[in-house]
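Here the structure is laid out as structure tokens; the discussion comes afterwards.
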Number of protein chains: 2
Amino acid sequence: MPAAPEALPTHVQVTEVGPRDGLQNEPGLLPTSDKAGLVRALVAAGVRRFELTSFVSPRAVPALADAAELVSAVRGIPDVHLSALVPNLRGAERALEAGVDSVVLFVSASATHNAKNVNCRIEDSLAAFAQVARRLEGSGIEIRGAIATAFGCPFEGEVDVRAVGRIARHFADLGATRLSLGDTTGMATPPLVTDRVRHLREVVPSLSPTLHFHNTRGIGLANVMQGLWLGVDRYESSIGGLGGCPFAPGASGNIASEDLVYLLDEMGIETGIDLESLIEAGRLATRLMGRPLPAQVSRAGPRLALGDCSAVPTARG
Amino acid sequence: MPAAPEALPTHVQVTEVGPRDGLQNEPGLLPTSDKAGLVRALVAAGVRRFELTSFVSPRAVPALADAAELVSAVRGIPDVHLSALVPNLRGAERALEAGVDSVVLFVSASATHNAKNVNCRIEDSLAAFAQVARRLEGSGIEIRGAIATAFGCPFEGEVDVRAVGRIARHFADLGATRLSLGDTTGMATPPLVTDRVRHLREVVPSLSPTLHFHNTRGIGLANVMQGLWLGVDRYESSIGGLGGCPFAPGASGNIASEDLVYLLDEMGIETGIDLESLIEAGRLATRLMGRPLPAQVSRAGPRLALGDCSAVPTARG
């Protein structure tokens, strides 16, 4: 643990990953018009950055089979940045054609997870990324990097921070403009956040990290606190806390955008997002999914939402 | 917000409040033998401090109607400290007779909440506490103070930190050995934690605060992070996250003991509690309640619990 934190940011960029990470494990496809409606509700709340979908095999991820249609449905919204995940050149071609603003190249820091996730070695993923970078040269489409299992692997256990650093270096050399550290199965902890952030600042000082936490073990926002103390000013979250890990039934997925923005608001850190409208978007997400979602602040309301307390019981401490 | 945090503690005392705060809103009475079994499971995990019950009107809080029987059932367990809440002299007499180690005198920092909770003015509560203190003199029973709505009131909104400080001063003058700040309806935020802790250190330097957070709005452990950075080394939590606010349906109650201990373990802060055994106690709590409880780490398991990942899907970022 650090002896003392560095500095809290005054502004934080929140990227909404609900349409991608939040939905990707759903067994079926939510209608594209419903997804687009959710994106519009989020834009109305002030959200400007979306990780919208993935250009992967529709057979592997049926929930994102409408990737091109969804980009098409929302790309006319002004002042919005649309990203999509792509694992290889083929995905990048599809993303380019669909009209995204940026592609997110993703690879796992752990070999076993990468093999199970995209069926190839880490080196093969990195080689494919070089092809993508060449293909996108001059296209105006930004390249971003995402490192899955950056805080631990469900198969291998601990992940060496140097493995994360080597991939980050590769992304920087490719000209990536952003780097996201994915807490794929909720294994991040405050000391690991410090360790990763400090190491990356040493080895890729040009590429300040974005933190992407899952609340699988309940400490997602504690990890955000650690990131904030380290001065990290970019986080990814999912509306309603949509998402979750199919091999940990009942476990939460991404940290909930509402709870993140509530925390940042209360800490006096600006996001440009209106919490009440974001809670409305979360209610829409709940209706679309037809089940309660993990976000907490949506249930209780913001802290000064008074007047619904007539049933307060007596003689409690 | 503080410009820089003070110092992380190396040890933290966790007080288990599940049998009291976790159960008090239940409509019925869990059998005393089940409560005692849960306490024994917690003791087996290394928990040593319990806020076990409240000596209040059994009509007002039927779930704690067995206060004396429960104390009697568990007070033979060695090396365990048993506290009980008492609102007034009558409650203190019952607690004394039952054989607790300490009584927790509780009052709200907000007048409206105190009136609704214990049907009297704050001054009346404080006057009653003076009677209790006189009655317990020489009994060997420790007096502790608890301030409800210390971070905000569901009726009045913001609570002036000086109101918290005045009550804290009163408790110190009575000879209280502990002071707990209750986040009754989950209104605490990191800046308010800093504000309360710093003010109390000024006005009652002899009485270092215990923090009691609810996860109603999802930021319970973010508040713990803030407390840790301020050097606060005493927290109250509830096994499974048992509890909750009857006027915010679906909202979580206390922070879950499992998630708290997981966070502290991962930060290298000692508690004397074994996480795996605590998760077992949480499973017992779930069985006794007959419903899923909010604790997260119990569902996913500790972070290096590998090998249950055969169903990991492919092509996810």
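The values are calculated or read from the model by the stated rules, or taken from the named source; none is laboratory data. None of these values were measured; they are calculated from a predicted model. Here Cβ is always computed from backbone atoms with ideal geometry, including for glycine, and neighbour counts include all displayed protein chains. Just the protein is used for accessible areas: all its heavy atoms, side chains included, with ligands, DNA and RNA removed. Shrake-Rupley method; radii C 1.70, N 1.55, O 1.52, S 1.80 Å.
For segment B:13-300, compute Rh as the Kirkwood radius over C-alpha pairs and then the Stokes-Einstein diffusion coefficient at 20 °C and 1.002 mPa s; write the answer in µm²/s, rounded to an integer. Approximately 115 µm²/s, per Stokes-Einstein.
Residues considered: B:VAL204, B:VAL86, B:VAL103. Largest GNM mean-square fluctuation over chain B, using C-alpha springs under 10 Å, is found at B:VAL204.
Label-point spacing at B:GLY157 relative to the other copies reads 5.4 nm, in ascending order, each point sitting 7 Å out from Cα along Cα→Cβ.
Shielding value for B:182-195 is 3, the average number of Cβ atoms from other chains within 10 Å of each residue's Cβ.
For the residues B:ARG201, A:ARG20, a 1.4 Å probe over the protein chains yields an accessible-area ranking, largest first, of B:ARG201, A:ARG20. Basic side chains Lys and Arg get +1 at the Cβ, acidic Asp and Glu get -1 at the Cβ, and with that the dipole of chain A about its Cα centre reaches some 480 debye. Residues whose amide H lies under 5 Å from that of B:SER108, counting only those 5 or more places away or on a different chain, are B:ASN114, B:ALA148; hydrogens are built 1.01 Å from N in the peptide plane.
Per residue of A:260-266, how many C-beta atoms from partner chains lie within 10 Å of its own C-beta, taken as a mean?
Partner-chain Cβ atoms within 10 Å, mean over residues of A:260-266: 4.
Here the dipole of the protein assembly as shown is about 500 debye; that uses its Cα centre as origin and unit charges on the Cβ of Lys and Arg (positive) and Asp and Glu (negative). By a 1.4 Å probe calculation restricted to protein chains, B:LYS116 has an accessible surface near 90 Å², given to the nearest 10. Rounded to the nearest 10 degrees, the angle from helix B:161-174 to the longest Cα principal axis of chain B is 70 degrees. Legend: mean number of C-beta atoms from other chains within 10 angstrom of residue C-beta atoms, peptide B:292-299, equals 5. Taking all protein chains as shown and a probe of 1.4 angstrom, A:ILE143 keeps an accessible surface of around 20 Å². Relative to the longest principal axis of the Cα atoms of chain B, the long axis of helix B:32-44 makes an angle of roughly 70 degrees. Only one residue of B:ASN119, B:SER57, A:LEU105 has its Cα farthest out toward the positive end of the dipole of the protein assembly as shown, where Lys and Arg carry +1 and Asp and Glu -1 on Cβ, and that residue is B:SER57. In chain A, the longest principal axis of the Cα atoms and the axis of helix A:89-98 are about 60 degrees apart.
Across identical copies of the chain, A:LEU29 has label-point separations of 5.9 nm, listed in ascending order, with the point defined 7 angstrom from Cα along Cα→Cβ. In this calculation the C-beta distance from A:GLU93 to A:ALA7 is compared with R0 = 51 Å, giving a FRET efficiency of 0.75.
Quick one: putting +1 on the C-beta of Lys and Arg, -1 on the C-beta of Asp and Glu, what dipole do you get for segment B:19-66 around its Cα centre, in Debye to the nearest 20?
Roughly 160 debye, rounded to the nearest 20.
Entry note, chain A: relative contact order of 20 percent, from Cα contacts under 8 Å with a spacing of 6+ residues.
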